[in-house]
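> Attaching a single structure in C-alpha cells format; questions to follow.
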C-alpha cells in the first residue's frame, strides 16, 4: 500500500469467476415464485430464460455494462466462465466462437484483462440429454469443444490482456469419461482449468449415485486437480476433501455475494486455508458489483459459520486485511493465468467511509468498511 496526501494506492483487484450475461438478471429473481419453494434450482430456471434469449449483440451489450461496473469498482482482471456458445436450438453459429468473441471484446472495451474460460458442457445430468437452454451450452463431442478452445487460443495468441482456459462446467454437466482427457489437454498446453465444484448438495448426491465418488474425489481420481485447477464455490466439501485440493496446490474461488443470494451455504474457509488451498474470489452472477463485499465475505462468512471473530491470518504474520487483499488481487490474477495484478488502483483518502481512520489502520478500514464508492476514477 502506498499513501499520498489524497489517495491510497493498492494492487488492482481481480474477479476470477464471472457470468457476465447474468448482469441482465439484476432485480429479476428476487420475488417468490408460484410454488413458494425458491432455491438455487428455481433461480436457475430464471437464468435459463435469459440465456435462451441472448444474441451476439445482446451478450456484448450486457457484458459491457457488467465489465464497466467491475472496472469502476477497482477490478482490472476478470475470469469469464463462458458457457453460452450456440444458437437457441443448439446448432453452432457459422462462426462457432462469435459469442465468446463478443464477451472478450466487451472486456477489452471496458479496460479489463480477461481469462475466457471456455466451458465444456454435454448433458443435463447422468443419462439425460441437454434440455431447453442447455442446448445452447452443449457440444456433441469433446473434440468439438476443445476445437473451439484451440480456435480462441490461436485468435488471441500474443494478446497480453487475454488468456484462454478450459472449464468443464460441473460433474453434473460433463461425463466422467471426459474429465481425464480435459485434464491431459490442459496440462499439455499449460491452461487454467476452472470448474463448479460442490456448490449444491444435490450435485454431490448425483455424483455419488453415478460414480460412487464425491466430486473432489472423482476429480482427483481422473487427474484433474493441479496447481492450475480452480474449484469454484467448494461449498459442501467433506472433511477430507480440502486436503485433496491442497495437495495439488489448487485454488478455490469463493463467490460470497452470489452464494448468499442463492442460499448456497458457507464454505469451510478454515479447512481450505489449513490444507494449503489458494483462495480467490469472484462476482459470479453480478447480483451486486462490490468486490470489497466479496473480499470481506470470505472472512465474515467464516465468522458466521464458526461463531468466532478474526478468523483469518496472513502468512508470515500479516494482518487479516493484508491476507484478504492478496486473495482479491494477486491470487485472483494467478487463478486467471496472469502473473501479477496488472497495475494498481487509487482509493480516495477523503472518502467518508475512511474518515477518522488512523493511517496504520487504513487497509483494515478499506477491506472491512470500503465499497466501490471509495475507488477514484
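Read-outs throughout are calculated quantities, based only on the coordinates presented, and are distinct from any laboratory measurement. Computed from a prediction, not measured in an experiment: that's the story for all the values here. Don't worry about glycine lacking a Cβ; one is built from the backbone with ideal geometry, like all the others, and counts go over all protein chains shown.
> If one takes the longest principal axis of the Cα atoms in the chain, at what angle in degrees, from 0 to 90 and to the nearest 10, does the Cα axis of helix 142-155 lie?
Roughly 50 degrees between the two axes.
> Students often check this: by mean Cβ neighbours within 10 Å, which of 257-265, 334-342 ranks highest, and how do the rest follow?
Highest to lowest by the protection proxy: 334-342, 257-265.
> Something else now. I'd like to know how the range 55-145 sits against the 2.2 N^0.38 Å rule of thumb: what's its Cα Rg over that expected value?
Ratio of Rg to 2.2 N^0.38 Å for the range 55-145: 1.16.
> Oh, and also: Nearest 5 percent is fine: what portion of the DSSP beta bridges confined to the chain is antiparallel?
20
> Can you put 86, 286 in order, fewest other beta carbons within 10 Å first?
Ranking 86, 286 by Cβ neighbours within 10 Å, fewest first, gives 86, 286.
> Could you work out how far apart the two model spin labels at residue 124 and residue 350 are, taking each label as a point 7 Å from the Cα in the direction of the beta carbon, and quote it in nm?
5.9
> Can you give the relative contact order of the range 11-370 as a percent, counting alpha carbon pairs under 8 Å and 6+ residues apart?
Relative contact order here is 19 percent.
> Just from its helices, what would the mean residue ellipticity at 222 nm be for the chain, if runs of 4 or more DSSP H residues each count -39500 (n - 2.57) and the sum is divided by every residue, rounded to the nearest 500 deg cm²/dmol?
One gets -11500 deg cm²/dmol as the mean residue ellipticity at 222 nm.
> So what is the diffusion coefficient of the range 223-336 in µm² per second by Stokes-Einstein at 37 °C and 0.692 mPa s, using a Kirkwood Rh over Cα pairs?
In µm²/s, the coefficient is 235.
> Compute the long axis of helix 40-53 from its Cα atoms, compare it with the longest principal axis of the Cα atoms of the chain, and write down the angle in degrees, 0 to 90, nearest 10.
70
> Kindly rank 107-116, 74-83 from highest to lowest mean number of other beta carbons found within 10 Å of each residue.
74-83, 107-116
> Using Cβ contacts closer than 10 Å as the measure, can you line up 93, 67 from fewest to most?
The order, fewest Cβ neighbours first, is 93, 67.
> Here's a follow-up. Select from 181, 203, 360 the residue whose mean-square fluctuation is largest in a Gaussian network model of the chain (Cα-Cα springs shorter than 10 Å).
Taking springs between Cα atoms under 10 Å, the residue moving most is 360.
> Can you sort 97, 306, 211 so the residue with the fewest Cβ neighbours within 10 Å comes first?
With the sparsest Cβ surroundings first, the list reads 306, 211, 97.
> How high is the FRET efficiency from residue 357 to residue 157, r the C-beta distance, R0 45 Å, rounded to 0.05?
Rounded to the nearest 0.05, the efficiency is 0.50.
> I would also like to ask the following. Once you put a point 7 Å from the Cα of residue 37 and another 7 Å from the Cα of residue 288, both along the Cβ direction, what distance in nm separates them?
With each label placed 7 Å out from Cα toward Cβ, I get 2.9 nm.
> Still on this structure: What is the distance in Å between the Cα centres of the range 36-113 and the range 193-252?
After rounding, the separation between the Cα centres reads 25 Å.
> On to the next question. What is the list of residues in the range 248-267 whose amide nitrogen lies under 11 Å from a point 7 angstrom out from the Cα of residue 208, following Cα to Cβ?
It comes to no residues whatsoever.
> Grab the Cα-Cα distance for residue 306 and residue 368, subtract it from 0.36 nm times how many residues apart they are, and report the gain in nm with one decimal.
Here the segment from residue 306 to residue 368 would lengthen by 20.5 nm.
> In degrees from 0 to 90, rounded to the nearest 10, what is the angle of the helix 201-211 Cα long axis to the longest principal axis of the chain?
With both axes taken from Cα atoms, the answer is about 40 degrees.
> Zone of residue 226 (label point 7 Å along Cα→Cβ, backbone N under 14 Å): which residues in the range 322-356?
337
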